[in-house]
Structure formats: structure tokens, C-alpha cells
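The values are calculated or read from the model by the stated rules, or taken from the named source; none is laboratory data. Bear in mind the structure is a predicted one, so any value in this text is a computation, not a measurement. Here the Cβ is made from the backbone with ideal geometry for all residues, glycine too, and neighbour counts use every protein chain on show.
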């Protein structure tokens with residue numbers, strides 16, 4: 001008898017689709033949970049959305065603070081407009097802090113780590129380590145935090 005070399009077939013790795021910008025922003029605002037996983041593209045697009053909105057609000061704040069030249073130095077108008085830009089920025093940050101933390105936790109879950117590792121950011125020393133973890137590829141299979149995000153059904 002001839003020995004037949006039978007190799008066990010490895011299960012095919014699921015195909016993960018990239019999340020688009022609009023879908024990532026939607027998941028950012030609607031994903032008020034720490035349960036589950038977030039793909040790398042979801043986190044990166046949400047980060048860029050957050051960056052663009054913050055930049056826009058800062059620019060509006062700067063424009064409001066330099067409005068004095070436009071209103072011919074009317075002190076009453078300036079006193080009422082100057083704090084508006086800062087209030088806009090603070091309001092946006094307060095509203096977006098929880099979704100930002102939640103997406104970082106879900107991203108850590110996707111790499112197989114607990115969300116509690118995000119507390120290392122408070123120490124500031126291992127910040128590059130946490131940032132590196134957030135950019136690792138997804139675990140190739142279901143882990144204790146849930147199924148692979150954005151899997152394409154074949």
C-alpha cells in the first residue's frame with residue numbers, strides 16, 4: 001500500500017471588507033458600546049473624521065476671535081462672540097469623548113486585548129505601545145470579544 005500524504009486543509013481565512021468613510025463615521029456615532037470589535041479602517045476613518053471636525057471648529061474659533069477687524073472694533077459684539085468659538089470646541093470634545101474611547105476599546109478587542117489596556121494612556125509612558133496595538137491587523141478568527149468585523153459572506 002502506498003502511503004498517501006493527506007494534509008489537513010486549513011479553513012480559508014474570512015475576507016474582511018474595508019469600511020468606508022461614511023460607514024465608519026456612522027459606526028463612530030452610533031457605536032455607543034464597548035462590546036464587540038472594530039476594524040482598523042473603522043478606527044482610522046473615525047480618527048480622521050474627528051481630526052477634521054476639530055480642525056474646522058478651531059478654525060471657526062480663530063475666525064470669531066479675529067472678527068474685530070470685520071465689526072470695526074465694536075466691543076459689545078466682540079465680548080459676545082469671543083467665547084463662542086471656545087464653547088463650540090469644548091462642546092464637541094465633550095460630546096465625542098465617549099465614542100472615541102469606545103472605538104479605541106473595540107479596536108483593542110479586535111487585536112485580542114482587553115480594553116483596560118487603554119488606561120495605560122493615562123501614564124503617557126506606553127502611549128506608543130497602545131498606538132501600535134491599535135494599528136495591528138485583526139485577529140484572523142472569532143475571539144472572546146466577538147466575530148470578525150465586516151466579514152464578506154461568500
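Only one entry of 140, 149 meets the criterion of being touching a residue at least 24 places away in the same chain (Cβ under 8 Å), farther than 21 Å from residue 28 by Cβ and either in contact with a helix residue (DSSP H, G or I) (Cβ under 8 Å, 6 or more places away or on another chain) or surrounded by fewer than 14 Cβ atoms within 10 Å (Cβ to Cβ) (or both), and that entry is 140.
Scanning segment 102-122 for residues that are free of Cβ contacts under 8 Å to residues at least 40 places away in the same chain and within 12 Å of residue 43 (Cα to Cα) returns a single hit, 108. As a summary of the residue check, residue 86 satisfies the conditions (1) outside any helix (DSSP H, G or I); (2) at pLDDT 75 or above except for the one numbered (1).
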